[in-house]
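Below is one structure, written out as structure tokens; comments come after it.
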Amino acid sequence: MKIALPDLAAMNRLGRNIAAALRPGDVVALSGGLGAGKTTLARAIIAALGYEGEVPSPSFAIVEPYAPPAVRLPLVHADFYRLAHPREAEEIGLDDYREGAALLAEWPDHAGGFAHEPACLSIALEIAEAGHEGRIAIVEGGADWLGRMPQ
Ligand SMILES: Nc1ncnc2c1ncn2[C@@H]1O[C@H](COP(=O)(O)OP(=O)(O)O)[C@@H](O)[C@H]1O
Ligand SMILES: [Mg+2]
């Protein structure tokens, strides 16, 4: 499914729709090049889950956990860009972070990818048109997303 994201308002709206459907155990895999809008969409989701503070980009820390009551459900925001090998995802304790939590993953391929998980929602962000601000999201959900796909 293709969703047009002409501006930040559209990005926030998609973030709200994902947040409304999100459950522990889910993965939202955010792919796309540098500047595609992965962190922007992750921030929109985290804000829609109730977080009122500033959401740092996890590009340095790699993993930023969020816990209730600041958010509606336990959440991990990760940016795997700096991983040299997928096995490093294990070494930083990703499985423990994910226990009972939803995962928002930037550069998911650097962690080995999550699209094989039924609870993975894959979102590929692309620049809509050279020289234009807008983005396009290609959205695909695993079997667990049937009936709750974000619009
Ligand atoms: N749909 C959009 N329309 C216009 N600008 C956007 C959109 N999505 C993101 N941006 C802008 O693109 C820039 C880079 O986004 P960012 O989320 O940091 O990218 P990434 O995490 O993929 O590297 C930010 O300045 C953001 O405001
Ligand atoms: Mg980013």
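Residue count for region 75-89 under the criterion of being touching a helix residue (DSSP H, G or I) at 6+ places or on another chain (Cβ under 9 Å) and either open to solvent by 60 Å² or more (accessible area, probe 1.4 Å) or within 21 Å of residue 19 (Cβ to Cβ) (or both): the result is 9. Considering 15, 35, the condition of being small (Gly, Ala, Ser) and either more than 12 Å from the chain's Cα centre (by Cα) or near ligand 1 (Cβ under 9 Å from one of its atoms) (or both) is satisfied by 35 alone. Under the condition of being acidic (Asp, Glu), farther than 26 Å from residue 53 by Cβ and within 16 Å of ligand 2 (Cβ to nearest atom), the residues counted in region 69-116 number 1.
Yes/no per residue for (1) in contact with a Pro (Cβ under 6 Å, 6 or more places away or on another chain); (2) under 23 Å from residue 8 (Cβ atoms); (3) within 16 Å of ligand 1 (Cβ to nearest atom):
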| residue | (1), (2), (3) |
| --- | --- |
| 52 | no, yes, no |
| 71 | no, yes, no |
| 84 | no, no, no |
| 95 | no, no, no |
| 111 | yes, no, yes |
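Applying the selection to region 1-39, what residues are open to solvent by 50 Å² or more (accessible area, probe 1.4 Å) and more than 15 Å from residue 72 (Cβ to Cβ)? 1, 2, 4, 6, 7, 8, 9, 12, 13, 34, 35 - these are the residues of region 1-39 that are open to solvent by 50 Å² or more (accessible area, probe 1.4 Å) and more than 15 Å from residue 72 (Cβ to Cβ).
The values are calculated or read from the model by the stated rules, or taken from the named source; none is laboratory data. The structure displayed is predicted, hence computed values, not measured ones. A quick note on method: Cβ atoms are made from the backbone with ideal geometry, for glycine too, and the neighbour counts reach across all protein chains shown. Accessible surface is based on the protein model in full, side chains and every heavy atom, while ligands, DNA and RNA are left aside. Shrake-Rupley method; radii C 1.70, N 1.55, O 1.52, S 1.80 Å.
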